[in-house]
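This report concerns only the one structure given below.
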Amino acid sequence: MTIQEIGELIRTKEVSSVELTENMLERINTIDVELHSYITVLKVSALLRAGVLDEELKNGKYRGPLHGVPIAVKDLFYTRDVRTTGGTIVNDFVPDFDATVVSRLKEAGAVILGKLSMSEGAYVSHHPDFKVPKNPWDHRRFTGVSSSGSGVATAAGLCFGSLGTDTGGSIRFPSAANGIVGLKPTYGRVSRYGVMPLALSMDHVGPMTRSVADAATMFQIIAGSDPNDPECLNNPVPNITSKLDGNIKGVRIGFDSKYASENVEKQVKEATQSVLEVLTSLGAEIIEVQMPDVSQLVEAWVKIAGSEAVMIHSETYPSLLAEYGEGFRKVLEASSKLSEIELKNARKIRAEITAGYEQMLSTVDAFVCPTMWCPPGIYAEAEIPGDFRSIDPSPWTNEIFTKPANFSGSPSLTVPCGFTDEGIPLSVQFIGKKLSEEMICRIGYAYEQKTEWHKKHPDV
């Protein structure tokens, strides 16, 4: 069920939060043995919290659509008195306060089931001491690296929604790979106070859910100004859910046919074309636009992200070098050797791509493109503990669809848009101008209501 559906059953007392939380904990206990989406399960505190929320509801206190709903968060969000790993064992860290977004979820009535698995330092490889999450559609396949636990748990019905972070696509990759919805908001729209960083100039916090309306619901709760985060914007948060009526007549949606098809797998191209047909049938106008040159995008992103990661890990790298996994250690080692000239050039490329991207976005209401150039590929059979693992086909071969929005800070919504012949999810992105979460959610919701893809779930 979606958050909206199960939340309504709680509100009307057809289901209690305690019953639901017990059910979810049992699912985690039986199903996650194979999927490995959780690092920490908060059984005792979740049940206690659910009991308090049931009592509140009985006494007439209703906190809103998340009241009593079990969710989970990626294990880089601070949770008071609960170990927060960031996917690494360099620090045995137990924070004494909650991240702002965790506090807001609790205040809204959410039940936190636990902390979700992630790649080390929110980069690509997983630390050898943590099990790699398995894709619930096909255990052999790509799960989306950094926020992989969030994608797997949400898709497999081990929580009703989750929080992830996105520095180069890590909300959108796992959402695409696991067949769910992921919203990367505008940069600064959601507080990062109490969130372990990868690269501060590109890190975003956002919801991962099973419907667009759920993503909008969670976004409205976690977004908004925060004096503890100097990068956090003061703009008022719109009531997006009230605007989700399925009407996108006259909406101008940009599309770059070359960008969306060159070096893109056939089934992805076909699914994207089908998305355009649905949008057109809903009254939207498809406008041909041109993306800026992204040939140097990935190289520039790697240098910027890596150099910022080195600064963030300066207290533990290289002093605790041996405690890092092989893959993330390689990233830190290579990035620490970058010259200032290399970084200056990477920032220049970022500025040029951002300027062209924002100019293109300014001419339309939103932009549509694939999330990944290929379906989720199959991992090499042999796991390499702590190191990078080859994937066939590899999402990194043509990694040009997610990172522009991290460079610019533009919001992006990933929505399921089909399945391969082998039954593997496909996905599309709706990207907007800064602060246009309402518009991209309206488009995503209208598309979702016209199709059935979001209603299909893995057999677990």
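Only a single criterion out of (1) touching a Leu at 6+ places or on another chain (Cβ under 9 Å); (2) modelled with pLDDT under 95 is not satisfied by F93, namely (1).
Scanning the range 258-278 for residues that are open to solvent by 80 Å² or more (accessible area, probe 1.4 Å) and polar (S, T, N, Q) returns N263, Q273. In the range 254-278, the residues that are of a type in the set (K, R) reach residues that are in a loop (DSSP other than H, G, I, E, B) with C-beta atoms within less than 7 angstrom, at least six apart or across chains, in these pairs: K269/S261.
Yes/no per residue for (1) within 21 Å of the chain's Cα centre (by Cα); (2) under 30 Å from S319 (Cα atoms); (3) open to solvent by 10 Å² or more (accessible area, probe 1.4 Å):
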| residue | (1), (2), (3) |
| --- | --- |
| E55 | no, no, yes |
| K58 | no, no, yes |
| Y78 | yes, yes, yes |
| R83 | no, yes, yes |
| A99 | yes, yes, no |
| A110 | yes, no, no |
| L113 | yes, no, no |
| V124 | yes, yes, yes |
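Looking across A346, A382, A355, one residue alone is in contact (Cβ under 8 Å) with a residue 60 or more places away in the chain, small (G, A, S) and either open to solvent by 20 Å² or more (accessible area, probe 1.4 Å) or outside any loop (DSSP other than H, G, I, E, B) (or both). It is A355.
Which one is nearest to C374 (Cα to Cα) among residues in the range 222-252 that are open to solvent by 20 Å² or more (accessible area, probe 1.4 Å) and charged (D, E, K, R)? My answer is R252.
Among the candidates K403, K434, the residue that is farther than 27 Å from F130 by Cα and buried (at least 18 other Cβ atoms within 10 Å of the Cβ) is uniquely K434.
No other residue among H36, H67 is out of contact with any Leu (no Cβ under 9 Å at 6 or more places or on another chain) and crowded, with 17+ Cβ neighbours inside 10 Å apart from H36. Applying the condition of being among the hydrophobic types (A, V, I, L, M, F, W, C) and not in a loop (DSSP other than H, G, I, E, B) to the range 40-53 and asking which residue is surrounded by the fewest Cβ atoms within 10 Å (Cβ to Cβ) yields V44.
Comparison of F255, F219 shows that the only residue that is open to solvent by less than 60 Å² (accessible area, probe 1.4 Å), aromatic (F, W, Y), within 15 Å of C441 (Cα to Cα) and at pLDDT 95 or above is F219. Does any residue of the range 238-253 turn out to be touching a Phe, Trp or Tyr at 6+ places or on another chain (Cβ under 6 Å), in a loop (DSSP other than H, G, I, E, B) and either within 21 Å of Q449 (Cβ to Cβ) or in contact (Cβ under 8 Å) with a residue 60 or more places away in the chain (or both)? Yes.
Of all the listed residues (E26, E19, E55), the sole one being closer than 18 Å to A108 by Cα, charged (D, E, K, R) and out of contact with any Leu (no Cβ under 7 Å at 6 or more places or on another chain) is E55. Listed conditions (1) modelled with pLDDT of 95 or more; (2) out of contact with any strand residue (DSSP E or B) (no Cβ under 7 Å at 6 or more places or on another chain) are all met by V289, apart from (2). For first residues located in the range 11-37 and in a loop (DSSP other than H, G, I, E, B), partners that are modelled with pLDDT under 95 and lie 6+ apart or on another chain with Cβ distances below 6 Å form the pairs H36/K131.
Please verify whether the range 435-448 includes one or more residues that are in a strand (DSSP E or B), touching a helix residue (DSSP H, G or I) at 6+ places or on another chain (Cβ under 8 Å) and touching a residue at least 24 places away in the same chain (Cβ under 8 Å). No, there is no match, as no residue in the range 435-448 is in a strand (DSSP E or B), touching a helix residue (DSSP H, G or I) at 6+ places or on another chain (Cβ under 8 Å) and touching a residue at least 24 places away in the same chain (Cβ under 8 Å). Among the residues making up the range 43-65, those that are of a type in the set (A, V, I, L, M, F, W, C) and free of Cβ contacts under 8 Å to residues at least 60 places away in the same chain are V44, L47, L48, V52, L53, L57.
Among the residues that make up the range 95-110, is at least one of them under 30 Å from D387 (Cα atoms) and of a type outside the set (K, R)?
yes
Only one of the listed residues (T40, T85) is touching a residue at least 60 places away in the same chain (Cβ under 8 Å) and in contact with a strand residue (DSSP E or B) (Cβ under 8 Å, 6 or more places away or on another chain). That residue is T40. In the range 293-317, which residues are under 20 Å from Y259 (Cβ atoms) and buried (at least 18 other Cβ atoms within 10 Å of the Cβ)? Passing the criteria: V294, L297, A300, W301. Screening D138 with (1) buried (at least 24 other Cβ atoms within 10 Å of the Cβ); (2) closer than 23 Å to I28 by Cβ; (3) out of contact with any strand residue (DSSP E or B) (no Cβ under 7 Å at 6 or more places or on another chain) gives one miss only, at (1). When each of V428, V460 is tested for being within 19 Å of K269 (Cα to Cα) and either in a helix (DSSP H, G or I) or among the hydrophobic types (A, V, I, L, M, F, W, C) (or both), the lone residue that passes is V428.
Is there a residue being out of contact with any strand residue (DSSP E or B) (no Cβ under 7 Å at 6 or more places or on another chain) and of a type in the set (F, W, Y) anywhere in the range 192-199? Within the range 192-199, one or more residues are out of contact with any strand residue (DSSP E or B) (no Cβ under 7 Å at 6 or more places or on another chain) and of a type in the set (F, W, Y). If you go through the range 365-377, how many residues are over 15 Å from E262 (Cα atoms) and either of a type in the set (F, W, Y) or over 21 Å from the mean Cα position of the chain (by Cα) (or both)? Selection size over the range 365-377: 2.
The values are calculated or read from the model by the stated rules, or taken from the named source; none is laboratory data. As the structure is a prediction and not an experimental result, all values here were calculated from the model. Reconstructed Cβ throughout: ideal geometry from the backbone, glycine too, with neighbour counts over all protein chains shown. In case anyone asks, the SASA skips ligands and DNA or RNA and just uses the protein heavy atoms, side chains included. Shrake-Rupley method; radii C 1.70, N 1.55, O 1.52, S 1.80 Å.
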